[in-house]
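Comments concern the structure below.
The values are calculated or read from the model by the stated rules, or taken from the named source; none is laboratory data. Computed from a predicted structure; not experimentally measured. Methodologically, a virtual Cβ is constructed for each residue, glycine included, from the backbone with ideal geometry; neighbour enumeration extends over all protein chains shown. Heads up: the accessible areas ignore ligands, DNA and RNA and are worked out on the full protein's heavy atoms, side chains in. Shrake-Rupley method; radii C 1.70, N 1.55, O 1.52, S 1.80 Å.
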Amino acid sequence: MTEFNPIEFESKWQAKWSDANAFHSDYAPGQEKFFIIFAYPGISGYLHVGHMRGFTYADVLARYHRMQGRSVLFPAGFHASGLPATSLAKRVARQDEKTMTYLRKNGCPEDVLAKLGDTDQVIKYFSGVYVEDYWKKFGFTIDYQRAMTTISPGYQKFIQWQFHKLEERNLLVHKPHVAPFCPNCGPIAVDASMTDVSKGGNAQILEFTALKFKDDEGNIWPAATLRPETVFGVTNMWLNPNVKYQKIKIGDETWIVSPEAAQKLSFQRDNVEMLEQIQGTDLIGGELTVPVTEKKVLILPGDFVDPAVATGVVMSVPTHAPFDWAALLDAQKVAEDLQSQYGIDPEAVRSIEVITLIHTSKSKSDNPARDICDRLGVKSQTDHDLLEQATQEIYKDEFHSGVLNDACGEYAGTRVSQVKDTLREDFIYKGVATPFHEFSEQVVCRCDTPVVIKKVPKQWFIKYSDEDLTWKTKDHAEMMNIVPKEYYNEMPNVLDWFSDRACIRQGSWLGTEFPFEENWIIEPISDSTLYPTYYIPSKYVNKGKLDPSEMDNRFFDYIFLGMGNPTEWGVGDDKVELYNQIKADFDYWYPLDINLGGKEHKTVHFPVFLMNHCAILPGNKWPRGIFVNWWVTMTGGEKIAKSKGGAEPIPEAIEKYGVDAMRLYYCHVGSAHLDIEWEQKIVLHYRSRLRKIWDMVHDALENEADVENEIDQWLISKFNEHRTKVLKFLSEMDIRNAANEVYFNIYHTFSWYNKRGGQNTKILKKMYAEWIKTMAPITPHVAEELWERIGGEGLVSTTEIPAAGEVDKKVLVQEGYVVDLLDDIRNIMGLLKDKPSKAILYTTPQWKVDVLNEVLSIKRDDPEAKKFDMGAVIKKFMGTPGMEPYREDIPKFVGTLTKMFASITPVELEQKSIQFDEFDYIASAKEFLEKELECPVEVYRADGEDIPDPQGKSKQAQPLRPAILVQT
RNA sequence: GCGGGGGUACCCGAGCGGUCAAAGGGGCAGGACUUAGGAUCCUGUGGUCAGUCCUUCGAGGGUUCAAAUCCCUUCCCCCGCACCA
């Protein structure tokens, strides 16, 4: 037996494919085409086994379509824009320990490592790694003639053109915005990979509502809150007596806030002027007017007020804020002290009446804050953790199920969740409130300066909220082939939800310069939306035929939109011809058939990919399909992360498992829309699966037996049935089921053929050849190697898989009958204590077949019927000559058919209607049954003469269900 | 909150109105082959039992001749939410 050693033949076939240029995409007018891409990877360092999952699916689909006779375009590129490449270079430059370890662990050579502090080198090196170490080694049928990166000059010209189109279509808007900013370094990115920050990479920008409380002098005391609706329940204010408050001038208003807040405001507002500071203690005991309600309330001391959080000015709503409730109780307890310290009338403190605003289904009384403090055992305002928990609970409950009551004026009777935004907008519109932005946690820049939120006066957005565009895109998405279907259903909602997106930024990252504003770079999501179009001209750029300098707006207008006429450009005949060729190419390949990407793209990349196509290109160029794949996780469902060492480096994995085993693993271990766990053992299992198949095929190669047998016909029909399924699954992008059919079900069919004594090597080799074709999309290396060994011509990868051949249903039913019979006998034998000495089978008597056929024909005549006239059927057969001996059995048997009659499916009806002689068929399978059961088998017709029937079993025989007697 | 998904046998998971006691893997048990096996093959893996029966698909109701699959109620779990790819 030839040893199964994938490593030996994998590189051999990769070289042959490459030498033959087998997968170059051919412009082939008249021939059907298929255009697929996977979302190009960002250059972020080494990839892991999870990335290969999606890439593999794309290759499987590309290979399948190629083997269906289509001209296939499967290009690939690199998304170098944005942070990842820069981030990696920066980390190498500062010799970040984790990064260095990770690079070395993945086998980065030291001389390369020394250069990776430079972003260009990072891009150059890793794009090489992706192609040579991953994609080629995985046998992907990518057309590398078209490879491109998003920071190449040609691509940048293309992106600029795209933005001109967006501008022309009124889809670029600008408005004020806020963004993270380091006072020392300028605009920076707050992201989880911590490129620019040393702390707070996961921080979010929270949008508070600052309510403008006023004192008698007209000074504004902004209390920033996430719950503006509670303004109706304010009973007092809290200031920290130990803090020196800062008076500032904003426009023509004077504000009083904590010094930290004054600092933050100076970035969020124009013209902020610092005035004097006032000790908190001096402010306690004063009165402020509540906005909206115009009520006067007292300022009380609150030690818990953190000057670093929000504005340092806190409004108190004791019924709905546990902190406020606890603090108010404390204050009331020490009312006398407050008098001596701050001159506050103790009676005024004690008489503060709480106001209830919100009622929920869980409300027990009119003071939910008190209820929850009692329940959790809060003793004072110092029980910080408990109060935090209480706040969370109350907030959640009241937000979800709360309804505002009569204390809330015009908003009474509305749900908190519904009215919150409206109410906030109303307040801002009326001038009693204003937005205030704050990080959810502290963020510190790499230079150790705390990061602030800075107002960007003129931020450009792509107007994804555009109604017409949204409507158009949703309409189109409905006609698209989007898998899984869950995502298809979700897509309209995602498109509705998608609002304007900031599309440019300043600071250090890679990308294309924004054409309408200097020193702004287009943001990486926005420069990767329409890009599949660029794979068409990229081939000409790569070949040196097309220069970026000539790729101006009129060029792209012509090739992508068919606008203009190159003959009028005065560029010479050669160029005109070239442009026409590129345009023809584009018209041939576009639209894109499948855009394949991971689940992380569901709410970002895919929607903008669709919307930009719909915004810019004509309707006949809009994408046809999206395929989303889920992730590979570490054992236990944990996300693969570089910080945790990642999974096995890909080159090592390839060597250990073999590429095809990995490909099969991805395709079969779980559906594409499910996270799968990376487990060595399982991958090895798939390797041994391939080895079994390898051995099976080699058996036939080494076997010269050439015995014809009835079972041969079954094999052919059964295989054809399998192949029909495989092709159907692949056409539906159900890769998992296709893999199941090819590597498991077909394997079992061949095993059964063997078991049944099939030895027709000629037939077998023919069928194996067909089988190997079906393997080629998923495990191409094994397929090529077996194809060659079995004497196939040329490359199997470029051979067509024929649409399925004929299926003889009768043959399939007959053999299925034996399978069921064997099962039943085994079932009975399993119940016996002793070893069986003989199995006697009684096939159905003819009269039962006749009765059954009569009933089936009634069903055929009226497939909707649930009942049939039993009396008529019984009568008919009772009167038939020769039926006398069965007079007692007829009604009983007819009775058993009623249930079947009601529930039979069309498929079953067809199967049951197929006629064959059961006795003859079992008799021919007798030897096989004896071998399988390891005991003698006798077969009789239940209505035969003088048959041995010691236990009267023969009466139980039914069509397709022989009676069985096992003797011990 | 908004949006989406889900609860299936020991585990992972397929099925999404009838061919369902429920695919495929894994685990476990028995057998075969073996110097041995963590290799491979076969068989079994809800209950009952000489097979066509009974009880199961988070819980409770309902529709239907027929429900894991459809409808309602309810409990629980997971994921995404933006300038970050």
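I need the calculated FRET efficiency for the pair residue A:341 and residue A:410, taking r as the beta carbon distance and R₀ as 51 Å, to the nearest 0.05. That gives a FRET efficiency of 0.80. Whole-Hz Karplus values for region A:126-142 come out as 6, 5, x, 4, 4, 6, 6, 8, 10, 5, 5, 5, 8, x, 5, 9, 6 Hz, taken residue by residue from phi with 6.51 cos²θ - 1.76 cosθ + 1.60 and θ = phi - 60°; glycine and proline positions read x. Split the accessible area of chain A by element, probe 1.4 Å, and carbon with sulfur accounts for 48%. Across all directions, the average projected area of the convex hull around the alpha carbons of region A:817-968 is 9.6 nm². If the cut-off is 20 Å between C-alpha atoms, which lysines fall inside it for residue A:545, apart from same-chain ones fewer than 8 positions away? Answer for residue A:545, where 20 Å is the Cα cut-off: A:157, A:575, A:583, listed by chain and number.
Dipole magnitude for region A:824-968: about 560 debye, using +1 per Lys or Arg Cβ and -1 per Asp or Glu Cβ, origin at the Cα centre. The convex hull defined by the C-alpha atoms of region A:267-422 has an orientation-averaged projected area of 11.1 nm².
Relative to the longest principal axis of the Cα atoms of chain A, the long axis of helix A:605-616 lies at roughly 80 degrees. For region A:252-264, backbone phi angles converted through the Karplus equation (6.51, -1.76, 1.60; θ = phi - 60°) give residue-by-residue couplings of 9, 9, 10, 10, 10, 9, 5, x, 4, 5, 4, 4, 4 Hz, Gly and Pro being listed as x. Projecting the Cα atoms of A:499, A:640, A:769 onto the charge dipole of chain A, computed from C-beta unit charges around the Cα centre, puts A:769 farthest toward the positive end. Accessible area per residue was computed with a 1.4 Å probe on protein heavy atoms; residue A:751 scores about 40 Å².
Computing FRET efficiency as 1/(1 + (r/R0)^6) for residue A:303 and residue A:444, where r is the C-beta to C-beta distance and R0 is 22 Å, gives about 0.25. Counted over all Cα-Cα pairs of region A:1-117, pairs farther apart than 26 Å make up 44 percent.
For residue A:681 and residue A:754 in one chain, what is 0.36 nm times their gap in residues minus the Cα-Cα distance, to one decimal in nm? 23.4 nm is the gain from fully extending residue A:681 to residue A:754. One decimal place: the segment residue A:267-residue A:480 gains 72.1 nm when fully extended, by the rule 0.36 nm per residue minus the C-alpha distance. Seen from every direction in turn and averaged, the convex hull around the alpha carbons of region A:846-890 projects onto 3.2 nm². With 21 Å as the limit, the listed pairs A:212/A:264; A:656/A:692; A:681/A:755; A:848/A:955 have A:681/A:755 beyond it between alpha carbons. A 1.4 Å probe run over region A:817-901, with the rest of the protein chains in place, finds 57 Å² accessible per residue. Projecting the Cα positions of A:158, A:202, A:131 onto the charge dipole of region A:129-251 (unit charges on Cβ atoms of Lys, Arg, Asp and Glu, taken about the Cα centre) puts A:158 furthest along the positive direction.
Axis angle, to the nearest 10 degrees, between helix A:659-668 and the longest C-alpha principal axis of chain A: 80 degrees.
Positive end of the dipole of region A:828-881 (Cβ unit charges, origin at the Cα centre): among A:873, A:846, A:857, the Cα lying farthest that way belongs to A:846. With Cα atoms defining each centre, region A:1-63 and region A:750-817 are spaced 23 Å apart in the structure. Calculated [222 nm] ellipticity per residue, helices only, for chain A: -13500 deg cm²/dmol; basis is -39500 (n - 2.57) per DSSP H run with n ≥ 4, divided by all residues, nearest 500. Of A:269, A:826, the order by accessible heavy-atom surface (1.4 Å probe, DNA, RNA and ligands excluded), from most exposed downward, is A:826, A:269.
Distance between the pseudo-spin-label points of residue A:673 and residue A:247 (7 Å out from Cα toward the beta carbon): 6.3 nm.
Annotation: residue A:671 carries an accessible surface of approximately 40 Å², with a 1.4 Å probe and no ligand, DNA or RNA atoms counted. Need one number: nm distance between label points at residue A:924 and residue A:828, each 7 Å from Cα along Cα→Cβ, rounded to one decimal. So the two model labels end up 2.4 nm from each other. The distance separating the Cα centre of region A:845-909 from that of region A:434-468 comes to 78 Å.
Sparse packing (at most 15 other Cβ atoms within 10 Å of the Cβ) combined with a DSSP loop state is found for the following GluC sites (Glu not before Pro) in region A:257-346: A:294. Please compare each pair in A:137/A:809; A:247/A:296; A:899/A:931; A:90/A:420 to a cut-off of 32 Å on the Cα-Cα distance and tell me which ones are over it. In this structure, A:137/A:809; A:899/A:931; A:90/A:420 lie more than 32 Å apart at Cα. Proximity of backbone amide H atoms, modeled 1.01 Å from N, is registered between residue A:245 and A:278, A:279, A:280 at under 5 Å, excluding neighbours fewer than 5 places apart on the same chain. For region A:111-200, the percent of C-alpha pairs falling in each 5 Å distance bin, counted from 0 to the bin holding the largest distance, reads 2, 9, 10, 11, 15, 19, 15, 10, 6, 2.
Between residue A:445 and A:198, A:451, the built amide H atoms are under 5 Å apart, and every one of these is 5 or more places off in sequence or on another chain. Residues whose amide H falls under 5 Å from that of residue A:213, counting only those 5 or more places apart or on a different chain, are A:221, A:223, with hydrogens built in the peptide plane.
Volume per residue for chain A equals 254 cubic angstrom (convex hull of Cα atoms). Per residue, region A:441-582 exposes 46 Å² of accessible surface when a 1.4 Å probe is rolled over the protein heavy atoms with every protein chain present. Treating r as the C-beta distance of residue A:910 and residue A:745 and R0 as 22 Å, the FRET efficiency rounds to 0.55. For region A:504-574, a crude dipole built from +1 on the beta carbon of Lys and Arg and -1 on the beta carbon of Asp and Glu, taken about the Cα centre, is about 340 debye to the nearest 20. Share of pairwise Cα-Cα distances greater than 17 Å in region A:436-476 is 61 percent (whole percent). Compared with the dominant Cα axis of chain A, that is its longest principal axis, helix A:322-333 is turned about 40°.
Computed on chain A, with alpha-carbon pairs under 8 angstrom and 6+ residues apart, the relative contact order is 13 percent. Applying D = kT/(6 pi eta Rh) to region A:16-72, where Rh is the Kirkwood radius over alpha-carbon pairs, T corresponds to 20 °C and eta to 1.002 mPa s, the Stokes-Einstein value obtained is 164 µm²/s.
Based on every Cα atom in region A:350-465, Rg and the maximum pairwise Cα distance Dmax equal 19.1, 55 Å. Each label was represented as a point 7 Å from its Cα along the Cα-to-Cβ direction; for residue A:22 and residue A:567 these points are 4.4 nm apart. Taking Cα centroids, how far is region A:472-504 from region A:239-262 in Å? When both Cα centres are located, 46 Å separates them. Each Lys and Arg contributes +1 and each Asp and Glu -1, all at the Cβ; summed about the Cα centre of chain A, the dipole is approximately 980 debye.
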